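Structure first, commentary second.
The values are calculated or read from the model by the stated rules, or taken from the named source; none is laboratory data. Since the structure is predicted, the reported quantities are computational estimates derived from the model, not experimental observations. No Cβ is skipped: glycine too gets one built from the backbone with ideal geometry, and neighbour counts run over all protein chains shown. The area values use the complete protein model at the heavy-atom level, side chains included, leaving out ligands, DNA and RNA. Shrake-Rupley method; radii C 1.70, N 1.55, O 1.52, S 1.80 Å.
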Amino acid sequence: MKKVIICGAGIAGISAAFHLAKAGFKVEIFESRKQIGGCCFSTNLAKTPLPNKINEIDNGQHIFAGIYHNFFEIIKWLDKDNLFNYKDVMYVKFKTLSGETFEFKPLKLLGKLGVLYALFNINTVSISAKFRTLNVFKKLLKNIHNDTTTLDFLRQTNQDEKMIKCFWEPVILATLNSPVHLASTKLFSNVIKKLILSNSKDAALFFANAPLSDIFDNFDEKFSELGGKLYLNNKVKKIIIRQNQCVGIETQDGEKHFAEYVISALPPKQLYNICPYFKDHYTNFPSSPIISIYLLFDRIIMEEEFIGCIDTNIQWIFNQNKIINKFSLNNSQQLAITISAANELINLNNSDLLVLILSELHVLFPLSKFAILHDYKILKDKNATPLITSENGKFRPTSQTDIKKFFIIGGWTETNLPATIESAASSAKLLLKHFL
């Protein structure tokens with residue numbers, strides 16, 4: 001039985017471990033942290049004045065899509081399907097600081113027809129703008145050969161600024177975690193194809209109804225059943241290379257572990273640390289930050305499950321009372337706010353950031369002016385995802401490297417998807433062709 005060592009127990013590492021162990025390999029995972037899941041983990045609020053409040057919060061509210069087929073293959077294996085609220089359609093409500101509201105609600109039809117119906121029922125843009133948007137969809141559904149920024153692409157296809165602001169920008173930020181003036185049109189085209197050319201369930205958005213830590217709490221048990229071993233708090237210091245072939249790893253404590261194959265499921269910067277060769281020969285992708293803000297109020301101020309926000313620093317607001325099944329706050333409410341590609345705000349101190357966010361929230365939901373803020377937590381992830389742009393997208397590496405028996409996977413590698421959870425799981429699936 002051939003042995004495989006995987007460095008990192010994020011989504012990519014977990015996915016690779018599952019598929020390879022199921023295929024008969026002896027698999028060992030080395031993870032530097034105390035928990036697995038990578039970007040999917042939970043933390044706690046600093047304080048909790050309400051005795052019946054759930055103290056556990058995620059490292060940001062994650063939105064999942066029906067097209068996450070490879071990710072949900074892992075979820076099914078872990079018997080965690082019940083932790084997700086599946087929906088039939090992609091329904092999104094938007095609010096602006098000027099008081100406008102509109103909905104994007106496709107009919108429960110297959111693919112294009114439902115999306116087109118939703119598009120033409122947006123009441124804040126003109127009919128002519130909607131027809132011009134049809135041309136954008138038509139071009140996005142074709143193969144993009146010469147990549148440009150999404151902003152350039154949208155302007156070249158005669159999209160007016162309001163349509164860009166109210167429709168395209170929220171979608172691009174949510175799916176790519178990249179500002180429109182940098183985001184890759186080619187990558188965005190791949191996303192649109194998957195959303196529109198699929199059935200309505202695949203295009204739907206939904207949430208985990210429990211803390212993300214619950215999703216992987218039985219991984220060790222399930223993995224052991226396949227003969228796998230998980231080593232937590234065990235950081236990989238370097239890979240061991242002999243005659244241009246990887247033969248194992250050395251951990252932080254000096255222990256050496258040998259195997260026929262080694263797979264890095266680490267982010268770029270961590271990969272470069274364990275093997276400086278890649279720092280010199282691979283593109284060093286910049287990071288795109290995400291800010292998550294949790295607010296606990298003494299009363300209900302928002303009825304919707306979640307909304308998108310326009311002309312604000314706030315991009316998305318999620319109603320935790322409706323999303324998390326375990327929540328029992330009586331008349332209190334916890335909101336989760338997400339700001340993607342948050343370069344302009346990431347270095348703002350937390351006090352000033354809180355004042356800014358609350359001032360916008362008071363306009364969007366006037367009832368919040370009278371609410372008492374019991375507790376809050378601001379999570380800043382400066383390295384949330386690699387920033388894949390129209391310029392550097394072509395440098396995303398494949399899983400096979402110049403070092404024999406050493407492979408790399410992760411959402412940042414070449415999957416034709418944004419650097420998302422599904423991209424991470426997909427990278428592991430693409431890897432299998434080298435083993436099976």
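Some observations on this one:
- Selection of first residues in segment 202-225 that are in contact (Cβ under 8 Å) with a residue 60 or more places away in the chain and within 20 Å of K34 (Cα to Cα) and of second residues that are buried (at least 19 other Cβ atoms within 10 Å of the Cβ) and among the acidic types (D, E), restricted to Cβ pairs under 8 Å at least 6 apart or on distinct chains, gives the following pairs, ordered by first then second residue: P211/D58; L212/D58.
- Cross-chain or 6+ apart pairs with Cβ under 9 Å, segment 1-20 first and open to solvent by 10 Å² or more (accessible area, probe 1.4 Å), then modelled with pLDDT under 95 and among the aromatic types (F, W, Y): K2/F435; H19/F435
- Selection status of I323, hydrophobic (A, V, I, L, M, F, W, C), touching a strand residue (DSSP E or B) at 6+ places or on another chain (Cβ under 6 Å) and at pLDDT below 90: yes
- Selection status of S351, over 23 Å from F94 (Cβ atoms), of a type in the set (G, A, S) and over 25 Å from the mean Cα position of the chain (by Cα): yes
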